[in-house]
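This report refers to the structure that appears directly beneath it.
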Amino acid sequence: MKISDIRIDYALKSLDVEDVQKMPLEQFKIWFDEAIDTKVLEVNAMNLATVQNDGTPNSRIVLLKGIEDGLIFFTNYQSKKGMELAQNPNVAVTFFWAELERQVRFLGKVEKISEIDSDEYFFSRPYSSQIGAWVSPQSSEIANRDFLENKENELRENLDPKTIKRPEHWGGYRIKIHEAEFWQGRPSRLHDRILYRLEATGSWSKVRLAP
């Protein structure tokens, strides 16, 4: 089969402006719960796009870890994405749930969450993940796999589950969104698209877009 011949005609659900919530995060919570109930694989995986020094985009998959006045995720602040976010906080985020024929896109700016909230999440993680945050100099070049495994063994001897602390270079971000688009696949490629925009008044507008 040629790649150009791959296609699916979507027909599961529909979406209308009158049917969605007034606030995009409230609508997102409804869809997210439906995705969980549908057992979507890696339901909280989201593509996070940042801006590099030269103005070109860069993207990768990260995991959503909370919906609290924005979208919460965690990472190494010294990683490539962390350095890009420090220089330019503007981001784009995309979720795609094939099982529901749905996509959600967000535009926003990141801000670091509090150290207390980062600590709370860090200590909720398995000990192996806590050690991993200390082991990896994320995005830096390393000689081989042995570098990571040797460092992990060394740290396990010195940082047990009772004494380990959250690294200062690791923590959470909140994406404060100002635009959101909900996409529902429909037959004949005439998809439903609802766009939310945050207005200067602080209220949200919503309109239908052509597919």
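The table that follows gives values for the structure above.
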{"item": "Only listed residue being under 30 Å from Trp97 (Cα atoms) and not polar (S, T, N, Q), chosen from Asp146, Asp192", "result": "Asp192"}
{"item": "Condition met for Gln87 (surrounded by fewer than 20 Cβ atoms within 10 Å (Cβ to Cβ) and in contact (Cβ under 8 Å) with a residue 60 or more places away in the chain)", "result": "no"}
{"item": "Residues of segment 192-211 satisfying the condition of being part of a loop (DSSP other than H, G, I, E, B) and free of Cβ contacts under 8 Å to residues at least 24 places away in the same chain", "result": "Glu199, Ala200, Thr201, Gly202, Ser203, Ala210"}
{"item": "Residue among Asp33, Asp16 that alone is surrounded by fewer than 12 Cβ atoms within 10 Å (Cβ to Cβ) and either in contact with a Ser or Thr (Cβ under 8 Å, 6 or more places away or on another chain) or touching a residue at least 60 places away in the same chain (Cβ under 8 Å) (or both)", "result": "Asp16"}
{"item": "Test set (1) more than 30 Å from Leu12 (Cβ to Cβ); (2) of a type outside the set (Gly, Ala, Ser); (3) part of a loop (DSSP other than H, G, I, E, B) - Asp119 fails condition number", "result": "(3)"}
{"item": "Inter-residue pairs, beta-carbon under 7 Å, first assigned by TED's automatic domain parsing to the domain that holds Thr75 and closer than 30 Å to Tyr77 by Cα and in segment 174-191, second of a type in the set (Gly, Ala, Ser) and buried (at least 18 other Cβ atoms within 10 Å of the Cβ), 6+ apart", "result": "Arg174/Gly70; Ile175/Gly70; Ile175/Gly108; Lys176/Gly70; Lys176/Gly108; Ile177/Gly70; Ile177/Gly108; His178/Gly108"}
{"item": "Criterion: in a helix (DSSP H, G or I) and under 29 Å from Val40 (Cβ atoms) - qualifying residue of Ala86, Ala133, Ala92", "result": "Ala133"}
{"item": "Yes/no for Tyr77 being touching a residue at least 24 places away in the same chain (Cβ under 8 Å), closer than 26 Å to Phe28 by Cα, in the same structural domain as Lys39 (by TED's automatic domain parsing) and among the aromatic types (Phe, Trp, Tyr)", "result": "no"}
{"item": "Matching option when the condition is of a type in the set (A, V, I, L, M, F, W, C), in contact with a Leu (Cβ under 6 Å, 6 or more places away or on another chain) and crowded, with 16+ Cβ neighbours inside 10 Å, among Ala92, Ala133", "result": "Ala92"}
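The values are calculated or read from the model by the stated rules, or taken from the named source; none is laboratory data. As the structure is a prediction and not an experimental result, all values here were calculated from the model. We place every Cβ from the backbone using ideal geometry, glycine too, and count neighbours over all the protein chains shown.
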